[in-house]
Amino acid sequence: MTTGVRRRMGVEERREQLIGVALELFARRSPDEVSIDEIASAAGISRPLVYHYFPGKLSLYEAALKRAAEDLASRFEEPHEGSLGGRLLRVMRRFFDFVDEHGPGFSALMRGGPAVGSSATNALIDSVRQVAYQQILSHLRVTDPPARLELLIRSWISLAESTALIWLDGRRVPRAELETQLVHDFAALAAVSAAYDQEMTDLLRHMLKDEPHDGPFTDLAARLISLAS
């Protein structure tokens, strides 16, 4: 029989609950717009009790954003199976899943602000970018990237971020089209680099050699050929 007595949470369990509540609220509004009172109310505890588990407002925000950053970084992990174009497309789908689920929080995190502009949160953003960079290098089977390849990958990661931010502001372009377009952008940037560097030419040929006839890179080639006809 239910007694109606609320179970007392342990310290770590309560901290995890508060982080989860904060992330749910950040999915609807920017962290700067979410108060500790709202988080306490949603968690079913008092404001002073929140400060028992987190010494300040910023520490709770940073803990929640750290969890979100870890989640985002995991979206770039992909098995080394199939063509590179197919792998990148699956990564972009998971990336936009995250953006869709955490819209206002993602936007605030990337654009900065009083609640998310600390050195700790900036380091979190950089750590996600580094995970994405290392993941792509691993799929290219490159351990010591030349300068042009590093420029290509880091530029593409920045492009993915800015594309997602623009998409959130009105969602005027179908999400699926942007996911494919970003994969095409990666191939296009690689092709431009290849025009200037033999090492990048060899890498581009390696990228394309296992591309199936219905893959994203082949689709881009067909679209470019149709423009020239």
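List every residue pair whose Cβ atoms lie under 7 Å apart, where the two residues are 6 or more positions apart in sequence or sit on different chains, the first residue falls within the stretch 62-88 and is in a helix (DSSP H, G or I), and the second residue, located anywhere, is charged (D, E, K, R).
GLY85/GLU211; ARG87/GLU78
Given the conditions (1) farther than 22 Å from GLU78 by Cβ; (2) out of contact with any helix residue (DSSP H, G or I) (no Cβ under 9 Å at 6 or more places or on another chain), which single one is not true for ASP144?
The failed condition is (1).
For every residue, the table says whether it meets (1) open to solvent by 50 Å² or more (accessible area, probe 1.4 Å); (2) without any contact (Cβ under 8 Å) to a residue 60 or more places away in the chain; (3) closer than 25 Å to GLU211 by Cβ.
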{"residue": "VAL91", "(1), (2), (3)": "no, yes, yes"}
{"residue": "PHE95", "(1), (2), (3)": "no, no, yes"}
{"residue": "ALA147", "(1), (2), (3)": "yes, yes, no"}
{"residue": "THR163", "(1), (2), (3)": "no, yes, yes"}
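Conditions first: (1) open to solvent by 30 Å² or more (accessible area, probe 1.4 Å); (2) without any contact (Cβ under 8 Å) to a residue 40 or more places away in the chain; (3) of a type outside the set (Ser, Thr, Tyr). VAL131 passes all but one, so which condition is the exception?
The single condition VAL131 does not satisfy is (2).
Would you mind telling me which numbered condition in (1) open to solvent by 50 Å² or more (accessible area, probe 1.4 Å); (2) free of Cβ contacts under 8 Å to residues at least 12 places away in the same chain; (3) touching a helix residue (DSSP H, G or I) at 6+ places or on another chain (Cβ under 7 Å) ALA195 fails?
It fails just one condition, (3).
Restricting attention to the stretch 197-229, and to residues there that are touching a Ser or Thr at 6+ places or on another chain (Cβ under 7 Å) and assigned to a helix (DSSP H, G or I), which single residue is farthest from ALA187 (Cα to Cα)?
MET200
Looking at this structure, is LEU109 of a type in the set (A, V, I, L, M, F, W, C), within 20 Å of ILE166 (Cβ to Cβ) and at pLDDT below 90?
yes
Mind telling me which of the residues ALA64, ALA42, ALA27 ends up being of a type in the set (A, V, I, L, M) and within 30 Å of LEU137 (Cβ to Cβ)?
After applying the criteria, what remains is ALA64.
The values are calculated or read from the model by the stated rules, or taken from the named source; none is laboratory data. Fair warning: this is a prediction, and the values are worked out from it, not measured in the lab. Reconstructed Cβ throughout: ideal geometry from the backbone, glycine too, with neighbour counts over all protein chains shown. Please note that ligands, DNA and RNA were not included when accessible areas were found on the heavy atoms of the full protein model with its side chains. Shrake-Rupley method; radii C 1.70, N 1.55, O 1.52, S 1.80 Å.
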